[in-house]
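What follows is a short report on a single structure.
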Amino acid sequence: TLVPTLDIAPSASRPSSAGGPLTIEAMEPPDARRELLGAAERQDPACWTAVHDAYTSRQIYYDTMMRNVRAEFLDCVDESRRSGGIKIDGCGRGGSCTSEPCLCTFTARVVDKSGQVRTAQDQLAWEAERKAELEGLKDNIFCIVGAHEARLFWIKMCRVEVVAATATRPAQISVELQGLSSSGPALQHCGALALQVLLFAGDFASRYRAAAWLLNGVAGTPELEVAVLNPKKQVQGTYVTRTRKSLEARLHRKVMPINDDQLDAIHALTHRVEVIHGPPGTGKSTTIFHALSAHLPDASAALVTCVCNQAVDAVAEKLNDVQDRSKRGCLPMLVLGNPSRVGRTAGQYVLEEQARVEEHVVFMRLICDILRRGVDGLRNVQAARINTFLGRKPEFSRSRLSAAQIAGIRGLKARVLKSLLEVHDTDFILRQRHELSADELLDRWNLVVRSMPRLASFSLQDEMSKLHLKVVSKVRHALASAAATFLPIDSRGRSVQPSSPGATICKTWKIGSHLQSEGLRWKIAEEWLTFAVKRAPHRVVRRTRVFLCTIPSSYKIEQLKEEYPEDFTPRLFVAICDEAAATAETYVPQMLQLSVENLILLGDHKQLQPLVLAKNHREPEEKRVSRSLMERMLDGGYKARMLKTQYRMFDGLCSLVSNLFYQGKVVTALEKLAQDAEEEGQQIGGGKGGGKGGGKGGGK
């Protein structure tokens, strides 16, 4: 059960109707979340708009992208309402959401209702799984279960905390959620509340926002926009013209071999939009690697997008060998995505992991560890000296003073009585208006003892002796500590210098001042470590030359640009869209919003089309919404470079696939043929050996 904390902010704009024009204030960034929520609350119909082969008006193109994103969003919300999602039950602390901003909060706690008895290791795994699931609720949409109105809320912040287990209470996971609505505060915080998480909507909002922004503004690279709108217009790109020989000199052939088809495709990159057709197994990831090595200028960066995390990991494996920044031609990369979902190789290059192992952080962490161990050693030496000064009895069980002498210590009796009254007399502090004398405190104590017979066993003399011993012990430890701090250590030894071998050497070591100076150095190093950790993400972003992510996560590039404006690259030279044939065209405005100079579409339009979620899948197909930009470019007459040499299938299957789908152009690499022949020979040899052995065994 989860009890969320919600911060419902008022709406700043009103969504338009489904049939009317999509107007957004040009002076302010469009709040796509509120507009999409408003359309879903009104249950507007999903109106798909046909996608044309070419566009002469940029407004019509971006308006088409906006409408199709909204239609897909509305169908997904409607389907999620019927299928259901994560249920969140809880109860508010009271009050209603009438203040701006909302200050009412909910407590939240995850309760395991399965009743399973888990080991400590399984419990930790369960907690980690639940924590990851809850952290993924950001940018999700939820609704109130059982509410009369179809009000939706957008989770804009999710904070998860694991409370460690104690002796009386098991470990608990607490979560705090903050959200916004389309039309201001309307959620009543008082009483029981049940929420239902519908779907992740951050992807829809980022696509919608990018198209809306470009609809009312100007693209960062108008030349690329022209090439995208009309495939028949071949717009010259910003690639540096190089001869084939100079291009090959920039390649990392020792790191990754390259064939003639891949080299021809890379050498032919000249226009703002380029299409490379890569059938299965023809080395598309290798082509991406060499395209970046050959064409990416200095002081610039590239964006590489894929459809799935598996493809992201494949590209990361190719780039893994060129991450050494001390070598020429290195391509430091940054993977944008959930560390728990990306592959093993890609997971090493997410921002959190790179910041953790950044060289400045590692160096300062090493320095702090060395200083800490030195300070701990000095403290151990001082602790041993303090024990020596205290003698065999660091603590006294009995005082050397008599009872009369202890009773004669000024202020001791009043102090003991006051501490006893503070514990056993609840009205003592309230009634005390001025300092009482020892006799007045004693009279008060006697009244308390008479009202509480169990306190009659208390011996005032024993309490005074205990307090006296406690004070004496503190004084002795303070004196011993002062002696260890200010008294130096005298040491003697024999010289090993050639000029005076064996001579007696006497040295004085002021260990107290040395410990103080080392502690100060450790404190300063910790401050520098904190600064290094804080600045590590900035350094990682500043040196990155390749941003790698899935296409639904491409909006994180814009977030990265806003969060690190001084460190983000001033020039995004190229965006390479891997699996471009399976990438919906509604993602293209995101790349145009980033001011990318050139766009490379790499994929295979003979395979799966983009996945467009809709209740009636025929309408998006008939209106060509499920067609990718790559396929639209080819339908418009754009000539694509084809990778024809494959390394994955054995030759018989390759011939079948090539003749059926690729006009017989795809062939098997010679090294693949040799490898298959060698494996076939080993299998035949093994079969013959087995037959002979079997025959002999049968004869016997």
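Criterion first (modelled with pLDDT under 80, in a helix (DSSP H, G or I) and open to solvent by less than 60 Å² (accessible area, probe 1.4 Å)) does LEU455 satisfy it?
Values: modelled with pLDDT under 80: yes; in a helix (DSSP H, G or I): yes; open to solvent by less than 60 Å² (accessible area, probe 1.4 Å): yes.
So LEU455 fits the description; yes.
Would you call ASP567 among the acidic types (Asp, Glu), surrounded by 13 or more Cβ atoms within 10 Å (Cβ to Cβ) and more than 17 Å from VAL304 (Cβ to Cβ)?
On the way: among the acidic types (Asp, Glu): yes; surrounded by 13 or more Cβ atoms within 10 Å (Cβ to Cβ): yes; more than 17 Å from VAL304 (Cβ to Cβ): yes.
Yes.
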ASN446 meets each of (1) open to solvent by 50 Å² or more (accessible area, probe 1.4 Å); (2) closer than 30 Å to ALA384 by Cβ; (3) part of a helix (DSSP H, G or I) with one exception, condition (2)
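Filter region 250-270 down to residues that are outside any loop (DSSP other than H, G, I, E, B) and either in contact (Cβ under 8 Å) with a residue 60 or more places away in the chain or surrounded by fewer than 16 Cβ atoms within 10 Å (Cβ to Cβ) (or both), then give me how many there are. Steps first, answer last, please.
We begin by selecting, within region 250-270, every residue outside any loop (DSSP other than H, G, I, E, B); these are 260-267.
Keeping just the survivors that are either in contact (Cβ under 8 Å) with a residue 60 or more places away in the chain or surrounded by fewer than 16 Cβ atoms within 10 Å (Cβ to Cβ) (or both) gives 260-262, 264-265.
So the answer is 5.
What residue, of SER451, SER459, SER481, SER513, is within 25 Å of LEU378 (Cβ to Cβ) and either charged (D, E, K, R) or without any contact (Cβ under 8 Å) to a residue 40 or more places away in the chain (or both)?
Values: SER451 fails: within 25 Å of LEU378 (Cβ to Cβ); SER459 fails: within 25 Å of LEU378 (Cβ to Cβ); SER481 fails: either charged (D, E, K, R) or without any contact (Cβ under 8 Å) to a residue 40 or more places away in the chain (or both).
The unique qualifying residue is SER513.
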Residue set THR305, THR286; condition polar (S, T, N, Q), under 12 Å from LEU601 (Cα atoms), open to solvent by less than 20 Å² (accessible area, probe 1.4 Å) and out of contact with any Gly (no Cβ under 6 Å at 6 or more places or on another chain); output residue THR305
When GLN590 is run through (1) under 22 Å from LYS665 (Cα atoms); (2) outside any loop (DSSP other than H, G, I, E, B), the failure sits at (1)
When (1) crowded, with 19+ Cβ neighbours inside 10 Å; (2) in a loop (DSSP other than H, G, I, E, B); (3) not acidic (Asp, Glu) are applied to GLY281, the one that fails is (1)
Report yes if GLU558 is among the acidic types (Asp, Glu), at negative phi and either crowded, with 19+ Cβ neighbours inside 10 Å or in contact with a Ser or Thr (Cβ under 8 Å, 6 or more places away or on another chain) (or both), otherwise no. yes
Only unsatisfied item for SER500, checking (1) within 20 Å of ALA384 (Cα to Cα); (2) without any contact (Cβ under 8 Å) to a residue 12 or more places away in the chain, is (1)
When restricted to GLU631, GLU619, the only residue open to solvent by less than 80 Å² (accessible area, probe 1.4 Å), of a type in the set (Asp, Glu), in contact with a Phe, Trp or Tyr (Cβ under 6 Å, 6 or more places away or on another chain) and not in a loop (DSSP other than H, G, I, E, B) is GLU619
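The values are calculated or read from the model by the stated rules, or taken from the named source; none is laboratory data. Values in this document were obtained by computation on a predicted structure and should not be read as measured data. So basically every Cβ, Gly included, is an ideal-geometry build from the backbone, and we count neighbours across all protein chains shown. The area values use the complete protein model at the heavy-atom level, side chains included, leaving out ligands, DNA and RNA. Shrake-Rupley method; radii C 1.70, N 1.55, O 1.52, S 1.80 Å.
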